[in-house]
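Peer 1: This structure is in structure tokens; I'll ask about it shortly.
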Amino acid sequence: MLRQADNDMLTQVGEGTPMGNLLRRFWMPALLEEEVSEPDGPPVRVRILGEDLVAFKDTNGDVGIVDAYCPHRRAGMFYGRNEECGLRCVYHGWKFDKEGNCTDMPSEPEQTNFKHKVTIKSYPAKIMGGAVWIYMGPAELKPELPNLEWAQLSKKQSVVTKRLQECNWAQALEGGIDSSHISYLHRKLEDLEPLPDEPELDEDGNEKFINYSAVDRHPVFFIDDTSYGQRISARRNAKPGEYYWRITQFMVPFHTCIPPQMLSGRDSDGLCYAGHAWVPIDDHNTWTWSFNCNPTREFTPKEEKMYHPRTGMWGPIDENYKPLAHKGNEYLIDRSVQRDDNYTGILGIPNQDAAVQESMGLICDRTNERLGTSDKGIIAFRKRLLKMAKDLEKCIEPPEATSPDIYNIRSATYIADADQSIDEGSDWLTKVE
């Protein structure tokens, strides 16, 4: 459990809060590139860390993200005209470029220099990996973008999307680093049946791969503090003399990697892996960013369909990136499906996750929790982020923000002999630190 003061510090992200100040030291995905794909196209509303903003792509193809309200009379800039390398307020014609400089003030006399004294709040923005990233911290501390592997790949090897989640960012992220829940929440009932006495064969006569995360529902966790955050290793029993490992990473402040699902072989080399960025909209809402990628090859047609940004495994979502199954319709739960087919009666991994995470309330009351040994990764996450926020209050800047290459890692799944260490189990672990 957490003390109420620590729970408040962990979950509150507005301007001037300790966690809000910490998150503003890092680049964050703010919106998808497709939302501002057209130069001089319509502005787009953006809300992030409790701030209301407007994004636009200017005539030169550069993205600007500025205050949602004109500094003149506070009219909404969403209704502005995006033209000639600037966003013009339709109320009195004041125009601002992507850096927030006022470039035209037609409502004032031509001889006045008032426009040179007026700016609109703006934040640096860059496009990477199909997303528009924003930096909201002190200008003099602006770091390089994080060197995330998925964001450096071609569009035939990587896809990114987002969906709205109606709860605080921290409880959503904690679900992402909880490897024990996959033995239940995302399972079909047939996965929970005892193993047959003899190995089952597929139609080609080969031995079927065993889903060890369903068979052994008592994982043993090993947490390693790293330069980027934590490596969370979940060990399950496989065949006699072997272990089944799932390696998940938490990368400060809100990135996670999801291990691939193995269907054959002894490691996940060549398989696609996935992950998330849990970006706070405000204290009560989160953009859950999701990616799928394969750094070794292009997607197959089957994978392209599976990872479709709106209808694939992270969907379905509507045109505003809101899930079609949500708490307003009870995530379309079907009790007959829950009785006869899957563990929850809810279809879709993200909908199952959202159901339990949002059921905790807008902000989880961690003062009433009772954590176990399988929650080691969650405990380590909280300690790391709270220490970073408290250090920043003492003017100790987070070194992770200015170390972009520490994020160039990937998750993995593998089977290893019981006498091998975590790092010896797979040749594909060279980027799993």
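Peer 1: Could you pull out the residue among Thr256, Thr248, Thr226 that is in contact with a strand residue (DSSP E or B) (Cβ under 7 Å, 6 or more places away or on another chain) and more than 18 Å from Tyr184 (Cα to Cα)? It would help to see each step written out before you state the result.
Peer 2: On the way: Thr248 fails: more than 18 Å from Tyr184 (Cα to Cα); Thr226 fails: in contact with a strand residue (DSSP E or B) (Cβ under 7 Å, 6 or more places away or on another chain).
The unique qualifying residue is Thr256.
Peer 1: Any residue in segment 106-122 that is in contact with a Lys or Arg (Cβ under 6 Å, 6 or more places away or on another chain) and under 25 Å from Ala30 (Cα atoms)?
Peer 2: No: zero hits.
Peer 1: Return a yes/no flag: does segment 127-148 have any residue that is crowded, with 16+ Cβ neighbours inside 10 Å and without any contact (Cβ under 8 Å) to a residue 40 or more places away in the chain.
Peer 2: There is at least one residue in segment 127-148 that is crowded, with 16+ Cβ neighbours inside 10 Å and without any contact (Cβ under 8 Å) to a residue 40 or more places away in the chain.
Peer 1: Separate question: Please enumerate the residues belonging to segment 212-242 that are of a type outside the set (D, E, K, R), part of a loop (DSSP other than H, G, I, E, B) and surrounded by fewer than 19 Cβ atoms within 10 Å (Cβ to Cβ).
Peer 2: If the condition is that a residue be of a type outside the set (D, E, K, R), part of a loop (DSSP other than H, G, I, E, B) and surrounded by fewer than 19 Cβ atoms within 10 Å (Cβ to Cβ), then His218, Thr226, Ser227, Pro240, Gly241 are the ones that fit.
Peer 1: Applying the selection to segment 380-413, what residues are within 20 Å of the chain's Cα centre (by Cα) and without any contact (Cβ under 8 Å) to a residue 60 or more places away in the chain?
Peer 2: Listed by number, the list holds a single entry, Lys383.
Peer 1: Residues of segment 243-257 being touching a helix residue (DSSP H, G or I) at 6+ places or on another chain (Cβ under 6 Å), aromatic (Phe, Trp, Tyr) and assigned to a strand (DSSP E or B), which ones? Full working, then the answer.
Peer 2: Initially, segment 243-257 is screened for residues touching a helix residue (DSSP H, G or I) at 6+ places or on another chain (Cβ under 6 Å), giving 244, 246, 248, 250-254, 256.
Filter once more, so that each one left must be aromatic (Phe, Trp, Tyr): 244, 250, 254.
Correct list: Tyr244, Phe250.
Peer 1: Here's a follow-up. With the structure loaded, tell me whether Ile378 is touching an Asp or Glu at 6+ places or on another chain (Cβ under 9 Å) and either within 20 Å of Ser180 (Cα to Cα) or modelled with pLDDT of 95 or more (or both) or whether it fails that test.
Peer 2: So Ile378 passes the test.
Peer 1: Is it true that some residue in segment 12-26 is of a type in the set (A, V, I, L, M), assigned to a strand (DSSP E or B) and either in contact (Cβ under 8 Å) with a residue 24 or more places away in the chain or surrounded by fewer than 17 Cβ atoms within 10 Å (Cβ to Cβ) (or both)? Walk me through it before giving the result.
Peer 2: Keep residues of segment 12-26 that are of a type in the set (A, V, I, L, M), which gives 13, 19, 22-23.
Adding the requirement that they be assigned to a strand (DSSP E or B) leaves none.
No, every residue in segment 12-26 fails to be of a type in the set (A, V, I, L, M), assigned to a strand (DSSP E or B) and either in contact (Cβ under 8 Å) with a residue 24 or more places away in the chain or surrounded by fewer than 17 Cβ atoms within 10 Å (Cβ to Cβ) (or both).
Peer 1: Give, as residue ranges, the strands (runs of 3 or more DSSP E) completely inside segment 35-79 that count at least 2 residues that are free of Cβ contacts under 8 Å to residues at least 60 places away in the same chain, over 19 Å from Glu15 (Cα atoms) and over 21 Å from the mean Cα position of the chain (by Cα).
Peer 2: Correct list: 51-57.
Peer 1: Looking only at segment 149-168, which residues are over 25 Å from Asp58 (Cβ atoms), out of contact with any Phe, Trp or Tyr (no Cβ under 7 Å at 6 or more places or on another chain) and either crowded, with 22+ Cβ neighbours inside 10 Å or of a type in the set (Gly, Ala, Ser) (or both)?
Peer 2: Ser154, Gln165, Cys167, Asn168
Peer 1: Would a scan of segment 333-343 turn up a residue that is farther than 24 Å from Lys162 by Cβ, among the basic types (Lys, Arg) and surrounded by fewer than 19 Cβ atoms within 10 Å (Cβ to Cβ)?
Peer 2: Checking segment 333-343: at least one residue is farther than 24 Å from Lys162 by Cβ, among the basic types (Lys, Arg) and surrounded by fewer than 19 Cβ atoms within 10 Å (Cβ to Cβ).
Peer 1: What tally of residues in segment 381-433 results from selecting those that are in a helix (DSSP H, G or I) and either in contact with a Cys (Cβ under 7 Å, 6 or more places away or on another chain) or at pLDDT 95 or above (or both)? If you could, list the steps in order and put the result at the bottom.
Peer 2: We begin by selecting, within segment 381-433, every residue in a helix (DSSP H, G or I); these are 381-393, 399-402, 404-407, 422-424, 427-431.
Next, from what is left, pick out any that are either in contact with a Cys (Cβ under 7 Å, 6 or more places away or on another chain) or at pLDDT 95 or above (or both): 381-393, 399-402, 404-407.
The total comes to 21.
Peer 1: Being basic (Lys, Arg) and within 21 Å of Ala354 (Cα to Cα) is the filter; apply it to segment 140-171 and report the residue that is nearest to the chain's Cα centre (by Cα).
Peer 2: Lys162
Peer 1: Might you check whether a residue that is crowded, with 21+ Cβ neighbours inside 10 Å and either over 25 Å from Val279 (Cβ atoms) or modelled with pLDDT under 95 (or both) occurs anywhere in segment 183-193?
Peer 2: Yes.
Peer 1: Looking at segment 36-57 only, could you name the residues that are surrounded by 15 or more Cβ atoms within 10 Å (Cβ to Cβ) and of a type in the set (Lys, Arg)?
Peer 2: Once the filter is applied, which keeps residues that are surrounded by 15 or more Cβ atoms within 10 Å (Cβ to Cβ) and of a type in the set (Lys, Arg), segment 36-57 yields Arg47, Lys57.
The values are calculated or read from the model by the stated rules, or taken from the named source; none is laboratory data. All values derive from a computational prediction rather than experimental measurement. We place every Cβ from the backbone using ideal geometry, glycine too, and count neighbours over all the protein chains shown.
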